[in-house]
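In what follows, a structure is listed as structure tokens, so that the remarks can point back to it.
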Amino acid sequence: MRVGMLTSGGDCQSLNATMRGVAKALYRMYDDVEIIGFEDGYRGLIYADYHVMKSSDFSGILTEGGTILGTSRQPFKQMRVPDENGLDKVEAMKHTYKKLKLECLVVLGGNGSQKTANLLREEGLNIVSLPKTIDNDLWGTEMTFGFQSAVNVATNAIDCIHTTAASHGRVFIVEVMGHKVGSLTLHAGIAGGADIILIPEIPYDINIVVEALKERNRKGKRFSILAVAEGAISKEDAKLSKKELKEKRKNGVVYPSVAYELGAQIEELTGQEVRVTVPGHMQRGGEPCPYDRVLSTRVGAAAARLIKEKSYGYMVCIKDGEVDKVPLGEVAGRLKTVDPKCAMINEAKLIGICFGDE
């Protein structure tokens, strides 16, 4: 029994923990199993950069962040485009898979990785995938491994900002990862006690944001904290096409990110001092939290069970708190976003958190 394994796309804290779950279950299920690890995600599969892994490789990595296999981003839209030497990437991946006589390929990855996994499934390969992303934006699963660990890091950043914000009486903006989906910002913002939370799914009105800050001042609050997703967008910009938005940004003042643009607008409209903090890739780093260690172990073991049952073409998922499976064809290309009318946002508004929309 030969099983291939790769980690693709952005890293997160619990990739190693998940691979460990898969491996430990496979070693118990089979007397003779060989796990082939591909280096740097799909790149290793394309260029046959791999090594045979030993059971000892999976020892001591439950608490280790990152990925022992390495990872890289191989955009899905480029998979059908030959490389600089004219190599057909899809055919190369199929060739490597067949040359190694793999029974199955286990893919740990996010949205783009799942699309490529589904492409390989359509090409006839046996695939089992696992839901990795700090954004928790994969369709078909309630939870992705890596999300809760990233929430912990982002929340800690907001926690640390509280004391200095209170000391100086300033407005602080903490920019949280999330280009298209605001789950990470929403959870960290609530957990960290942010006064204003801005996410891509709810375009904001700068005047409403400013009014919320002024209202806090009227109530004697010396400081305010905004948790802002890197993909947050104003109502005006949300009405523009991608081309129009690109042109506007090209001809206007260039800011490092939305947080700095917001900061400049707030300073101009309120006269308050604003400071911006960007935790950045810290949110992907460090050791996995206990929740993610448990989740990773469960979904890893479930992937091994699917292999044992020869149930291929699925992504392991969480439904109603239990481990389940969902067809890759249903997952690929679909994004799970935050519902602006969801209970969590309504509850956050009840306690006075502003989302810039009302």
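The values are calculated or read from the model by the stated rules, or taken from the named source; none is laboratory data. These numbers were taken from a predicted model, which means no experiment stands behind them. Every residue, glycine as well, gets a Cβ built from its backbone with ideal geometry; the counts of neighbours run over all protein chains shown. Only protein heavy atoms, including side chains, enter the accessible area calculation; ligands, DNA and RNA are left aside. Shrake-Rupley method; radii C 1.70, N 1.55, O 1.52, S 1.80 Å.
For region 132-224, what are Rg and Dmax over the alpha carbons, in angstrom?
Cα radius of gyration and Dmax of region 132-224 are 14.5, 45 Å respectively.
By how many degrees, 0 to 90 and rounded to 10, does the Cα axis of helix 290-308 deviate from the longest principal axis of the chain?
Compared with the principal axis, the helix lies near 30 degrees.
Taking every DSSP beta bridge that has both residues in the chain, what percent is antiparallel when rounded to the nearest 5?
Given both bridge residues lie in the chain, the antiparallel proportion sits at roughly 25 percent.
Given the whole protein assembly as supplied and a 1.4 Å probe, what does the accessible area of Phe172 come to in Å², nearest 10?
Counting only protein heavy atoms, Phe172 exposes about 20 Å² to solvent.
May I ask for the angle, rounded to the nearest 10°, between helix 89-99 and the longest principal axis of the chain, with both axes built from Cα atoms and the value confined to 0 to 90°?
The answer is roughly 40 degrees.
Given points 7 Å out from each Cα along the Cα-Cβ axis, report the Asp320 to Glu358 separation in nanometres with one decimal.
So the two model labels end up 3.2 nm from each other.
Spin-label point model (7 Å from Cα, Cβ direction): what's the Val253 to Lys349 distance in nm?
Label at Val253, label at Lys349, 3.0 nm between them.
Residues with amide H under 5 Å of Val276's amide H, sequence separation 5 or more or different chain, H placed in the peptide plane at 1.01 Å from N; which?
Residues meeting the amide H criterion: Ile173.
Looking only at region 1-92, where both bridge partners belong to it, what percent of the DSSP beta bridges are antiparallel (to the nearest 5)?
The answer is about 50 percent antiparallel.
Show me the ranking of peptides 18-30, 329-341, 229-241, 78-90 by mean Cβ neighbours inside 10 Å, starting with the highest.
So the peptides 18-30, 329-341, 229-241, 78-90, ranked by packing, come out 18-30, 229-241, 329-341, 78-90.
Could you order the peptides 127-135, 45-53 from most to least packed, using the average number of other C-beta atoms within 10 Å per residue?
Most protected by this proxy first, the peptides run 127-135, 45-53.
For Kirkwood radius over Cα pairs in Å, the listed values are (1) 20.2; (2) 21.6; (3) 21.0; which was obtained by calculation from the structure presented?
Correct label is (2).
Quick check on region 107-265: take the gyration tensor over C-alpha atoms, sort the square-rooted eigenvalues as a ≥ b ≥ c, and tell me if it's rounded (a/c under 1.5), prolate or oblate. Please list the in-between numbers first.
Numbers: a/c = 3.00, a/b = 1.60, b/c = 1.88.
Oblate is the answer for region 107-265, as a/c is 1.5 or above yet b/c matches or exceeds a/b.
From zero outward in steps of 10 Å, how is the percent of C-alpha pairs of region 28-125 spread across the bins?
The calculated distribution, bin by bin, is 13, 47, 31, 9, 0.
Run down the lysines and flag those whose C-alpha is under 28 Å from the C-alpha of Lys349, throwing out any fewer than 8 positions away in its chain.
Lys180, Lys214, Lys219, Lys221, Lys235, Lys239, Lys319, Lys336, Lys341
So what is the relative contact order of the chain, in percent, for Cα pairs below 8 Å that sit 6 or more residues apart?
Averaging sequence separation for qualifying contacts and normalising by length gives 24 percent for the chain.
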